1. Which of the residues that make up the stretch 418-442 are under 23 Å from Asn373 (Cβ atoms), open to solvent by less than 40 Å² (accessible area, probe 1.4 Å) and of a type in the set (Gly, Ala, Ser)?
2. Considering Gly35, Gly41, Gly78, which residue is open to solvent by 40 Å² or more (accessible area, probe 1.4 Å), modelled with pLDDT under 95 and not aromatic (Phe, Trp, Tyr)?
3. Only one of Gly337, Gly313, Gly344 is open to solvent by less than 70 Å² (accessible area, probe 1.4 Å) and at pLDDT 75 or above; which?
4. Please work out if Gly76 is over 20 Å from Pro122 (Cβ atoms) and either among the small types (Gly, Ala, Ser) or within 58 Å of the chain's Cα centre (by Cα) (or both).
5. Please identify the pairs in which a residue from the stretch 429-449 that is within 13 Å of Asn405 (Cβ to Cβ) has its Cβ atom under 7 Å from the Cβ atom of a residue that is open to solvent by 40 Å² or more (accessible area, probe 1.4 Å) and not in a strand (DSSP E or B), counting only partners at least 6 apart or on another chain.
6. Hey, can you tell me all the residues within the stretch 348-386 that are surrounded by 12 or more Cβ atoms within 10 Å (Cβ to Cβ) and assigned to a loop (DSSP other than H, G, I, E, B)?
7. Among Leu20, Leu16, which is modelled with pLDDT under 90, buried (at least 18 other Cβ atoms within 10 Å of the Cβ) and over 20 Å from Arg123 (Cα atoms)?
8. Mind counting the residues in the stretch 447-459 that are touching a strand residue (DSSP E or B) at 6+ places or on another chain (Cβ under 6 Å) and within 16 Å of Arg386 (Cβ to Cβ)?
Amino acid sequence: MAPRILATARLLALALAVCLPAPGMAQLSTFTYQGRLYDGGSPVNGSYDLRFILYTAAGGGSQVGTTIYVDDVPIGDGLFATDLDFGASSFPGAVRFLEVAVRPGAVSNADRDPLTYTMLNPRQRLNSTPYAIRARDADTVDGFDSSVFLTGVPNPLTITNDLPSPVVTVNNNSIAGGTALYGSGNIGVQGTGSTALSIGVFGSPPDGFLFSYPTGICGSSIAGTGVAGNTREGFAVVGTTHGASGSPVAITGFTEAATGRGVWAANTHPTQNTEAELASRVTGAVLVPGFNDHPTAVMAKSPQHAVYGRSDGSHAAIIGESVQWIGVVGLTGIGHGLWGQAYGVGGVGVHALGPSTFGTALQIQNGAIKVPNAGIGSQTPVFIHRSNAGNISANYTIIDHPQTNGDPNAILIITPNWNPGGLGGTYNTNPIGVFYHGSDRWAIFNQNLAAMTVSQSFNVLVVKTGPATTPQDAASSPHSSSSQPQRVPIVPPLERVHFELMKSDRK
């Protein structure tokens with residue numbers, strides 16, 4: 001009687017595992033088929049030949065892969081097991097059916113006549129287990145990168161890990177370099193610390209550098225960039241802190257290199273190129289020629305406005321404070337080292353305040369005091385007064401100038417000038433003085449009562465007196481101001497001020 005296999009024959013995928021194969025071991029497409037063979041209702045014993053064919057349907061259909069012959073299979077108490085391998089391409093995800101045929105093992109193995117085999121009905125449907133061989137192709141699914149199939153992941157995807165070990169580890173060990181983790185969108189990568197000492201996003205170089213402070217974003221690199229922000233219209237890097245006590249810091253930059261930069265910011269637009277460095281020298285850096293022995297808190301370089309401060313309230317736009325040295329230093333080649341300009345009539349361009357009645361408010365190390373465009377008829381606090389028939393009376397000449405008119409408290413310093421602007425004239429050799437005339441004008445007079453003649457010129461320096469027009473308590477607080485004068489269009493508005501190029505001299 002021809003042997004037969006009961007329908008209870010089972011498939012086991014014993015050769016597969018859920019985890020990835022160990023390095024150097026390729027995952028196989030082989031699976032184990034196990035069944036039980038009966039003859040006349042009794043389990044058989046002995047040697048038998050088996051034939052296996054894979055089909056696309058339970059009846060008819062197309063054959064998939066090659067026909068597998070397994071000869072001289074030892075069977076005990078009807079039980080047998082054999083490995084089958086139709087190839088990974090035979091299991092693309094569609095339904096598959098297995099046809100099994102059997103014959104006595106005594107038949108010559110060289111004889112593959114189908115009539116020598118007894119086919120067992122029905123074909124057996126292969127369930128999920130053999131399809132585990134498809135896991136070895138998980139990196140590329142059907143030739144596509146697996147990332148394209150993540151569109152069905154719930155948004156947002158939340159991964160929770162209550163263990164101290166990382167819940168997700170992403171490595172890129174490419175010899176040519178690469179990105180371990182990349183994010184794009186309105187927010188590329190966002191990390192939020194759950195405790196006061198946690199770190200939102202942390203990047204560490206191979207040397208194991210570790211930030212010792214509670215940190216929102218920590219990026220470090222041996223030779224590259226710790227944190228890089230790139231944007232077209234928004235903010236490249238934004239740091240925000242909401243701490244109400246202690247010493248919260250939104251963005252902190254540290255450097256241990258002698259010429260390193262803690263924080264470096266640059267605008268590379270062709271017409272707006274500026275750069276600024278914060279904590280640009282910690283120890284020993286040659287930063288500014290002539291000031292090599294002094295670390296610099298803030299350094300900015302630009303061919304026009306290196307530092308621009310603007311305050312629309314009652315506080316100072318720029319404050320420089322130093323315990324033993326200089327609060328603010330302005331250096332220039334041919335321009336202005338330090339520039340101050342007031343917008344309103346009651347404003348003060350530069351305010352200098354000494355520490356006490358014995359201190360110095362303003363010190364000029366070298367060079368003279370220069371008043372540009374000063375001359376005959378100029379509106380500057382330094383000007384030249386020239387006598388003529390219309391302003392002479394007896395031994396004096398009356399000054400008509402906006403810096404002196406109506407101000408009896410002004411201080412005038414006068415020196416004779418014989419030839420202002422190459423105009424020539426009569427040099428006054430008499431002792432001279434000044435007095436406030438009753439017509440709200442100041443006058444220059446000859447102290448020996450000699451008559452004042454025409455074409456005599458005098459250099460005039462006006463020093464204004466009166467109450468402070470800047471800080472409310474100028475003697476104690478240079479940080480606030482109570483006066484807010486009406487702005488007049490003296491210079492172009494801030495929006496039109498261009499901060500020009502300066503980056504080519506970086507080292």
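The values are calculated or read from the model by the stated rules, or taken from the named source; none is laboratory data. Please read these numbers as outputs of a predicted model, since none were measured by experiment. Because the Cβ atoms are built from the backbone with ideal geometry, glycine has one as well, and the counts that use them run over all protein chains shown. What goes into the accessible areas is simple: the full protein's heavy atoms, side chains included, and nothing from ligands, DNA or RNA. Shrake-Rupley method; radii C 1.70, N 1.55, O 1.52, S 1.80 Å.
1. Gly424, Gly425
2. Gly41
3. Within the list Gly337, Gly313, Gly344, the selection yields Gly337.
4. Taking the combined requirement at face value, the residue satisfies it.
5. Qualifying pairs under 7 Å: Tyr436/Pro408; Asp440/Asn405; Asp440/Gly406; Arg441/Asp400; Arg441/Asn405.
6. Val348, His351, Leu353, Gly354, Val371, Ala374, Gly375, Ser378, Thr380, Pro381, listed by residue number.
7. Going through Leu20, Leu16 in turn, just one is modelled with pLDDT under 90, buried (at least 18 other Cβ atoms within 10 Å of the Cβ) and over 20 Å from Arg123 (Cα atoms): Leu16.
8. Selection size over the stretch 447-459: 4.
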